[in-house]
Amino acid sequence: MRRSALLLILSLAPLPAAAQCVKPEPPPVEGKPARPALPAKPACLDAKGGCPGWEAYSYNDAVKAYNLQLQAFQPLAQAYVQKLNAYVKASGDYAQCEVKTLQ
């Protein structure tokens, strides 16, 4: 009787803090920055005669605006990649912790 009571008490006791593995949380998808859209390429650009001046200038302006948007996008994308890499590392640490609990 005493033995079964002791086993019951031990089974209800909390595990030591070292045995607790913390599951990693991925970065929120809402935090993923959206890559800017490429400007539409005018059909006349590939034509033999080329584009009229105004259309070529308009496309050139759109490409310049795209390049500015891309410059603003790059640090946001790099920050998100760092968060993803941290998640990958934390996932590996979590897996190692779980393996240790089985040993």
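Using θ = phi - 60° and the Karplus relation 6.51 cos²θ - 1.76 cosθ + 1.60, list the HN-Hα couplings for the stretch 43-49 in order, rounded to whole Hz, with x at every Gly or Pro.
The phi angles translate into 4, 5, 5, 8, 6, 4, x Hz.
Give me the one-decimal nm value for the distance between modelled label points at Ala40 and Trp54, 7 Å along each residue's Cα-to-Cβ direction.
Modelled inter-label distance: 1.6 nm.
Could you name the lysines whose alpha carbon sits less than 27 Å from that of Lys48, not counting residues in the same chain fewer than 8 places away?
Counting by Cα, and skipping residues close in sequence, Lys48 has these lysines nearby: Lys64.
Using Cβ contacts closer than 10 Å as the measure, can you line up Glu98, Glu25 from fewest to most?
Taking fewest neighbouring Cβ atoms as first place, the list is Glu25, Glu98.
Between Lys23 and Gln78, what FRET efficiency follows from the Cβ-Cβ distance if R0 is 22 Å, with the result rounded to 0.05?
Given R0 = 22 Å and the Cβ-Cβ separation, E is 0.30.
Read the figures in this text as sums done on the coordinates, not as results from a lab. Note that the coordinates shown come from a computational prediction; the quantities given were computed from them, not determined experimentally. Cβ sites come from the backbone with ideal geometry, for glycine too, and all protein chains shown count toward neighbours.
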